[in-house]
Amino acid sequence: MSTAKKAPVGLPISPTQTEQKNASGPSISFSADHLANQFLIAMPGMVDPNFAGSVIYLFEHTERGAMGLVVNRPTEVDLATLFEKIELKLEIAPLLTQPVYFGGPVQIERGFVLHEPTTEVLYSSSLAVPDGLTMTTSKDVLEAVAGGSGPAKFLMTLGYAGWSAGQLEEEITLNGWINVPLSREQMIDIIFDTPSSQRYERTMSHLGFDPAHLSGEAGHA
């Protein structure tokens, strides 16, 4: 899987690097339609170890490519360790042991925060998916979390998944993925309220059939 031509810039996981804020205010961009704001489920035949058994929230899909975050692959790194590395003091007990996730193999040294939409608070660099979730790449969202004013529901990842132009469509045709369109409430329930070990099965349950029966067939878009 290759990097999409337009790669997002994640927040730097290093105290020596700082986010540049937009002098004119927060920078909010909006994704295109098509498969954005849908889940991708890796089909049973997926052999790439980066994606076997994975659920991806797709936050952008255009003629230039697609980008998303794996939401069911927690790493051994917790938020307490990550916040210490970027010199932020996190003292909110329930968050200390919350895992950082493997978001994909692209820019694994960069941080991406997937969170519920925020209407009153805007961060310096966010991509708000229409009728979906928000992906923020600026450090101010983590500063807000440390201060107790960040989004109530969020998932922190290192890296993201990217496809070049036409690549995702081809992989779906070759039965690598199946897309699952759900409501925002259903996606929030799966990503933030369902244990990571159950997110694949929970997403799959919304299909109404067993994807294993599609092992010799094409996916759909």
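The values are calculated or read from the model by the stated rules, or taken from the named source; none is laboratory data. These numbers come from a predicted model, not from an experiment. Positions of Cβ are backbone-derived with ideal geometry, glycine not excepted, and every protein chain shown enters the neighbour counts. Surface accessibility is based on the protein's heavy atoms, side chains included, excluding ligands, DNA and RNA. Shrake-Rupley method; radii C 1.70, N 1.55, O 1.52, S 1.80 Å.
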* Taking the simple approach of a point 7 Å from Cα along Cα-to-Cβ for both V47 and I108, what is their distance in nm? -> 2.1
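Rolling a 1.4 Å sphere over the protein heavy atoms, what is the accessible area per residue of segment 83-142, to the nearest Å²? Present the calculation step by step, with values, prior to reporting the outcome.
On the way: 2680 Å² over 60 residues.
In whole numbers, segment 83-142 has 45 Å² accessible per residue.
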* Filter the GluC sites (Glu not before Pro) in segment 78-134 down to the DSSP loop ones having no more than 13 other Cβ atoms within 10 Å, then list what survives. => E87, E91, E120
* At q = 0.11, 0.18, 0.22 Å⁻¹, work out log10 I(q)/I(0) for segment 93-191 with the Debye formula, treating every Cα as an identical point scatterer and leaving solvent out; two decimals please. => -0.39, -0.99, -1.32
* Structure fact -> Calc'd 3J(HN,Hα), segment 66-80, phi into Karplus 6.51 cos²θ - 1.76 cosθ + 1.60 (θ = phi - 60°), Hz, glycine/Pro = x, comes to 9, 9, x, 10, 5, 10, 10, 10, x, 9, 7, 8, 9, 5, 4
* Asked: Which value, in Å³ per residue, describes the convex hull spanned by the Cα atoms of segment 99-153?
  -> 97
* Structure fact -> Note: Q186 to E120 extended length (0.36 nm per residue) minus current alpha-carbon separation gives 21.5 nm
* **segment 89-221 - percent relative contact order, Cα under 8 Å, separation 6 or more** => 27
* **Listed peptides 171-180, 51-60 by packing density, highest first (mean Cβ within 10 Å)** => 51-60, 171-180
